Amino acid sequence: DHVAMLLATRLFDSRDPVLGLDIGTNTEITLAFDGRLVSCSCASGPAFEGAHIKDGMRAAEGGIEGGQIIEGRVEYQTIGHHPPVGICGSGILDAVAQLLQEGIIDEKGSMKDHPRVRRTEKGPEFILVPKEESGTDRDIVISRRDVGEIQLAKGAIRAGINTLLTETGVQPSDLSRIYVAGAFGTYIKIESAVAIGMFSPLPHDRFSQVGNAAGMGARLALISKRERSRAQELARQVEYVE
């Protein structure tokens, strides 16, 4: 799967340090540098796909896919412009980034007092959408446990990136391009990923969201013997870091 992603993005052709990530339950990462391809895999978990999240859901109609907090007001966008019924991966990322930037959660993920934060037996939760606005007749919330799931997922991805940078001696600022692939990677806001520390704070024009690159690489290998041969070479060339 990841070889197909490398085939499609052409990381191996770059003279400058380039990073490629295919984000999912497992996130595969490759750093191309000085003729080397150094790779690792990290168990980022299913949180970015809406699983293990209290009101999480897959990307379907009515899923909150993004939003922001403006002067205490929560503004959100849903898939298909339907009444909100849950939160998909990109929406969860946006919500946690906004809670952090507004000081509603701190750097450890603890929730502070706020008109939209309520305390329950299972811990505090932020009311993202009150039941009067939702399509489910109940509040849609972000719980403290949800924040923890995002911390685990983003921490795994950042740890994978940092491992490859350490292995090669490349500094984050040296990266000329960061390719972000996968269904989740296509729809996230890079600003939110940077805000929660998943990515280094680099200029946004260095990030390229490339969609289903693995699918495109598979097509290349299917229709071209040359590309198939190149894929076999890549699989042998990549250095895997545990």
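The values are calculated or read from the model by the stated rules, or taken from the named source; none is laboratory data. Quick caveat: nothing in here was measured; it's all calculated off a predicted structure. Positions of Cβ are generated from backbone atoms using ideal geometry, with glycine treated the same way; all protein chains shown enter the neighbour counts. Ligands, DNA and RNA are excluded from the accessible area calculation, which covers all protein heavy atoms including side chains. Shrake-Rupley method; radii C 1.70, N 1.55, O 1.52, S 1.80 Å.
Given the -39500 (n - 2.57) contribution per DSSP H run of 4+ residues, what per-residue ellipticity at 222 nm results for the chain, rounded to the nearest 500 deg cm²/dmol?
-10500 deg cm²/dmol
Any chance you could check the Cα centroid distance between the range 1-73 and the range 192-217 for me, in angstrom?
The range 1-73 and the range 192-217 have Cα centres separated by 7 Å.
Among C42, H114, V74, whose Cα lies farthest out toward the positive end of the dipole of the chain, if unit charges sit on the beta carbon of Lys, Arg (+1) and Asp, Glu (-1)?
Sorting the options by dipole projection puts first C42.
Taking the Cβ of T186 as the centre, find all other residues whose Cβ is under 13 Å away and add up their charges (Lys, Arg: +1; Asp, Glu: -1).
Result for the neighbourhood of T186: -2.
Quick one: what are the phi-derived ³J(HN,Hα) couplings along the range 40-53, Karplus 6.51/-1.76/1.60 with θ = phi - 60°, whole Hz, x for glycine and proline?
8, 10, 10, 7, 7, x, x, 4, 6, 9, x, 8, 6, 10
Relative contact order for the chain: what is it in percent, counting Cα pairs under 8 Å that are at least 6 residues apart?
On the way: 488 pairs, mean separation 63.3, N = 242.
Reported relative contact order: 26 percent.
Leaving out ligands, DNA and RNA but keeping every protein chain, what accessible area does I79 have, in Å² rounded to the nearest 10, with a 1.4 Å probe?
For I79, solvent-accessible area is about 40 Å².
Once both axes come from the Cα atoms, what is the angle between helix 225-237 and the longest principal axis of the chain, in degrees from 0 to 90, rounded to 10?
Helix 225-237 and the main axis of the chain meet at about 80 degrees.
Report ³J(HN,Hα) in whole Hz for each residue of the range 148-165, in order, from the Karplus equation J = 6.51 cos²θ - 1.76 cosθ + 1.60 where θ = phi - 60°; Gly and Pro get x.
x, 5, 5, 4, 5, 5, 5, x, 5, 5, 5, 5, x, 4, 5, 4, 5, 5
Picking from G109, G217, G123, which is most flexible by a Gaussian network model of the chain using Cα springs under 10 Å?
G123
Where is the GNM fluctuation largest for the chain (alpha-carbon springs, 10 angstrom cutoff): E121, E71, E102?
Comparing E121, E71, E102 in the GNM, the peak value goes to E121.
Cross-link partners among lysines for K108, C-alpha distance below 29 Å, same-chain residues fewer than 8 apart left out?
In chain and number order, the partners are K54, K122, K131, K154, K189.
If the elastic network links every pair of Cα atoms under 10 Å, which of E133, E191, E125 fluctuates the most in the Gaussian network model of the chain?
E133
How do H2, H52, H204 rank by accessible surface area computed with a 1.4 Å probe, from largest to smallest?
H52, H204, H2
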